[in-house]
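Peer 1: First the structure, which I've put down as structure tokens, then a few questions once you've had a look.
The values are calculated or read from the model by the stated rules, or taken from the named source; none is laboratory data. Nothing here was measured: the structure is a model prediction, and the numbers come from that model. Don't worry about glycine lacking a Cβ; one is built from the backbone with ideal geometry, like all the others, and counts go over all protein chains shown. When the accessible area is computed, the model is the full protein with side chains, heavy atoms only, and any ligands, DNA or RNA have been set aside. Shrake-Rupley method; radii C 1.70, N 1.55, O 1.52, S 1.80 Å.
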Amino acid sequence: MIVRKNMGRLSPLLLVTLVLGFCFATYNLVTMVMHNRSISKWKVNDSNGGIFFDPVIEMPENVKKPNNAKQPFHVALTATDAPYSKWQCRVMYYWYKKQKDLPGSEMGGFTRVLHSGSPDNLVDEIPTVIVDPLPAGLDRGYIVLNRPWAFVQWLEKATIEEEYILMAEPDHIFIRPLPNLGHGGYPAAFPFFYIKPAQNEKLLRKFYPEEMGPVTNIDPIGNSPVIIKKDLLEKIAPTWMNVSLKMKNDPETDKAFGWVLEMYAYAVASALHGVQHILRKDFMLQPPWDLETGKKFIIHYTYGCDYNMKGELTYGKIGEWRFDKRSYLRGPPPRNLSLPPPGVPESVVTLVKMVNEATANIANWDAE
């Protein structure tokens, strides 16, 4: 009885305390949500069943596509006429054709944007538009600087039926049918761990002034892979080209960014136009660091894969077994490459098997 009486006396006080505590917690939660809506990226389920990270707030309903709506995108990759570029384009185009018409795909037409200024021996094999390289010496040995200039020219001269464009690269392999990951004015992009705008604010302020907003408006991306509306890319591409040239001509920025300079330039150009990207980690995987293909869409084989015969990674040291695209600068890899030893991650095994399938089925594979 004593206990019951004490509880009876304490109940109003406890009730008031609980109500005040609940109100305080609710206030904090609402404040935190409102704050995050303005500065952070929300994690949301998209209509394809995947996950995307919205650049500002949860995606407005009026720009989300219905589940049954198809929004095809045009696949475009810039390339040179060097043997190293050509064999990668052939593998890439083989897998594009394999995945294009499978369920779930929204892949449309395909263009290799060849910035050599003249045709090569692949123009009859791969749909190609020829554009000019930068004037001699302007790229100062940084051949990637031709990429934004190539897109500027292609967008001006080509007839592109699709409303969206995927900017891809020769060393991409489609491992699954790719849907359109973009949503209206929000392009989709892969976030690169080494693109760090916040850590490079001093340099980036030379190209993205403070009055444009916080440096966090610059997404941690490059131009590829990106799925973007054609009209947005038409606005961004000239700025991307100009920012790339300005960065290259600034010794401090050139030294700091090196081979990812053009990637930073695209991210800055997008931010200058107020365009932010949905960040899709499932867009792409990069062996040997990503161990499984999972539900990802593209293999990007930019890194060398070196292993000993125990299946242990020996990155930075030539392995007893290796696959590195740079081993084939002067001509294509041979057909039927040896598979990795037991213990090597599934992502690397899949990569080699897919290269082997392509080379086995592409006519005149040994032609440079």
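Peer 1: Of everything in region 298-326, what is of a type in the set (V, I, T) and either assigned to a strand (DSSP E or B) or farther than 28 Å from K100 by Cα (or both)? Give them in sequence order.
Peer 2: Restricting attention to region 298-326, the residues satisfying the condition of being of a type in the set (V, I, T) are 298-299, 302, 314, 318.
Scanning region 298-326 gives I298, I299, T314, I318.
Peer 1: Next up: How many residues, within region 107-130, are hydroxyl-bearing (S, T, Y) and under 21 Å from the mean Cα position of the chain (by Cα)?
Peer 2: 1
Peer 1: Let me ask something additional. Name the one entry in Y307, Y303 that is hydroxyl-bearing (S, T, Y) and more than 16 Å from the chain's Cα centre (by Cα).
Peer 2: Exactly one residue qualifies, and that residue is Y307.
Peer 1: Test V268 against the criterion of being touching a residue at least 60 places away in the same chain (Cβ under 8 Å), surrounded by fewer than 20 Cβ atoms within 10 Å (Cβ to Cβ), hydrophobic (A, V, I, L, M, F, W, C) and in the same structural domain as P197 (by the TED database), and give yes or no.
Peer 2: no
Peer 1: Then there's this: Looking at region 218-234 only, could you name the residues that are open to solvent by 30 Å² or more (accessible area, probe 1.4 Å) and either free of Cβ contacts under 8 Å to residues at least 40 places away in the same chain or of a type in the set (D, E) (or both)?
Peer 2: D231, E234
Peer 1: Among the residues of region 350-358, are any within 30 Å of N200 (Cβ to Cβ), modelled with pLDDT of 95 or more and outside the structural domain of L166 (by the TED database)?
Peer 2: No: zero hits.
Peer 1: Also, quick follow-up: Considering only region 276-285, state which residues are open to solvent by 10 Å² or more (accessible area, probe 1.4 Å) and not in a strand (DSSP E or B).
Peer 2: Passing the criteria: Q276, K281, D282.
Peer 1: All but one of (1) touching a Gly at 6+ places or on another chain (Cβ under 8 Å); (2) open to solvent by 60 Å² or more (accessible area, probe 1.4 Å) hold for A360; state the number of the condition that does not hold.
Peer 2: Of (1) touching a Gly at 6+ places or on another chain (Cβ under 8 Å); (2) open to solvent by 60 Å² or more (accessible area, probe 1.4 Å), only one is false for A360: (1).
Peer 1: Out of all the residues in region 338-355, is one or more surrounded by fewer than 15 Cβ atoms within 10 Å (Cβ to Cβ) and either closer than 18 Å to M92 by Cβ or touching a residue at least 40 places away in the same chain (Cβ under 8 Å) (or both)?
Peer 2: Looking through region 338-355, at least one residue is surrounded by fewer than 15 Cβ atoms within 10 Å (Cβ to Cβ) and either closer than 18 Å to M92 by Cβ or touching a residue at least 40 places away in the same chain (Cβ under 8 Å) (or both).
Peer 1: Now, a different point. Run E312 past the list (1) free of Cβ contacts under 8 Å to residues at least 40 places away in the same chain; (2) touching a Lys or Arg at 6+ places or on another chain (Cβ under 8 Å); (3) of a type in the set (D, E, K, R) and report the number of the one that doesn't hold.
Peer 2: Only one criterion in (1) free of Cβ contacts under 8 Å to residues at least 40 places away in the same chain; (2) touching a Lys or Arg at 6+ places or on another chain (Cβ under 8 Å); (3) of a type in the set (D, E, K, R) is unmet by E312, namely (2).
Peer 1: Test K317 against the criterion of being touching a Leu at 6+ places or on another chain (Cβ under 6 Å) and open to solvent by 40 Å² or more (accessible area, probe 1.4 Å), and give yes or no.
Peer 2: no
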